[in-house]
Amino acid sequence: MASPARSILPRLEPTASLRQPATLTDDVLEEIFLRVASHADLARASAACVSFRRLIANRNFLRRFRSRHPPLLLGFLGGVGHEVFQPVEAPHPNAPVARALYRAGVFSFDYLPDCGEPGWSLSDVSDGRLLLEAEGSRVHGNGANRFAWPDLAVCDPLSRQYLLLPRMPEDLLASVQIKEREINHFDDSLVPSGDWEETSFRVLRMVLSRTTLVVLVFSSTSGCWSVGPSTTWDVLSFHVPPREPVLGRPQFAYGCCYRKLTYLSKLLKLDMNTMELSTVDLPPNNESHSIAIVEAGEGNLGMFNMIYNINEVTSVDYHIFGQNLSGRANEWHIKKTTTLPDCCLYQFIGSAQGYVFLVRIPTSLELYNWSQSRFEYVCFSLESKTSNIERVSGMGSSVCYLYFGFPSFLSPRRIQLYDTG
């Protein structure tokens, strides 16, 4: 009997070895890493292997990464000495990076020259740089003419680099016919560069007397002070100059510096390109109100102001400064009103990246019970476009500056050192 038929499988020919996956080139890896939104994830990738670390640590890559990803809100700066920095608290997403900076002690200023008691104090913060003033150098002389310009330093806390600014020459004020004994008020501030890679900087000094306002400018490029625009209160339409003219904090938008004049519904405007001074009228009843200036888009100026009910702030109005219905003149148009979380005292402390930041000041009862809580002040963010308001972090004081930056491994050197010889 014949055996049953069997199916015979086809004979398999020897196959080529399995194809190895294509090696990712540095260019492809760089594009992948540029799309990593989390700074912490990028740090983990850098620690994965030597080739990843070499690519991520490259200056050109870091420059491209910073251009795509804005700096992070890491905390608040204010005060003197080691307690100058307070990191944002959890559950804020930037809390781990902020705590790392705090533990590193980068805001101790122990690398700056000794300036005597009480030490270096904070005058302004911009682009990751700090403007510091030596409190002990502010006053000297005899009798009624006791006056001195303070020693100033600009530092980058992460790289621990700094530049001591030269004293302003005495003949600069004389050139605009202001005597030191006539000065009522002056302050110093940093001018935002708008470019995180820029190492040069400028410092504005505004000097106010009973009759005159003078702007002086220090440029790190030239290493010296120069006289900017000057004007009188009469020219600026202040027919009755304020008894003690005081300016609010500088606020920058579209290349201009805006300062609220206390007890007046006016903004002082300094165009940083043309160096021309002018004024902008605010909506009525803003003589004593806290305001925040923002860029509203399409070249329009935006402003937030607080609405009071007796001594409490209940809401915030958002205005845009644009053309009226005739299309010929600019005026303020109210866009929206945002109700705040609860009726209390609030204060604006700055604006950045489409947000304004305000501090809730505790009530008397909360201050009385302060021992039950570490922080008695709370910072909120208010988004310009959506009016969404969120809690950011607890704070130790309402007198502070916002600090934006990158983790240490991502941060560039913010100051170019010069020979001050």
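The values are calculated or read from the model by the stated rules, or taken from the named source; none is laboratory data. Remember, it's a predicted structure, so these values are computed and weren't measured experimentally. Cβ placement follows ideal geometry from the backbone for every residue including glycine, while neighbour counts extend to all protein chains displayed. Ligands, DNA and RNA are stripped out before the accessible areas are found, and what is left, the full protein with its side chains, is counted by its heavy atoms. Shrake-Rupley method; radii C 1.70, N 1.55, O 1.52, S 1.80 Å.
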Karplus-derived 3J(HN,Hα) from phi for the stretch 267-272 (6.51 cos²θ - 1.76 cosθ + 1.60, θ = phi - 60°), whole Hz, x at Gly and Pro, runs 10, 8, 10, 10, 7, 6
VAL50 accessible area, 1.4 Å probe, all protein chains in place, Å² to nearest 10:
130 Å²
Would you rank ILE183, ILE32 by solvent-accessible area, highest first, keeping every protein chain in place and using a 1.4 Å probe?
ILE32, ILE183
Which lysines have a Cα less than 19 Å from the Cα of LYS336, not counting those fewer than 8 places away in the same chain?
LYS385
Accessible surface ranking that places the most exposed of HIS289, HIS69 first, with a 1.4 angstrom probe:
HIS289, HIS69
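Using only alpha-carbon positions, what ratio does the radius of gyration of the stretch 192-301 give when scaled by 2.2 N^0.38 Å? The partial results should precede the final answer.
Values: Rg = 14.7 Å, N = 110, 2.2 N^0.38 = 13.1 Å.
So the stretch 192-301 has a normalised radius of gyration of 1.12.
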Over all directions, the stretch 87-210 yields a Cα convex hull whose mean projected area in nm² is 10.2 nm²
With every protein chain left in place and a probe of 1.4 Å, what is the accessible surface of SER67, to the nearest 10 Å²?
90 Å²
Using a Förster distance of 41 Å, how high is the FRET efficiency between TYR263 and ASP114, based on the Cβ-Cβ distance and rounded to 0.05?
0.55
Taking a straight Cα-to-Cα line shorter than 15 Å from LYS335, and setting aside same-chain aspartates and glutamates fewer than 8 residues away, one finds GLU295, ASP317, GLU383
To the nearest 10 square angstrom, what accessible area does PHE76 show with a 1.4 Å probe?
10 Å²
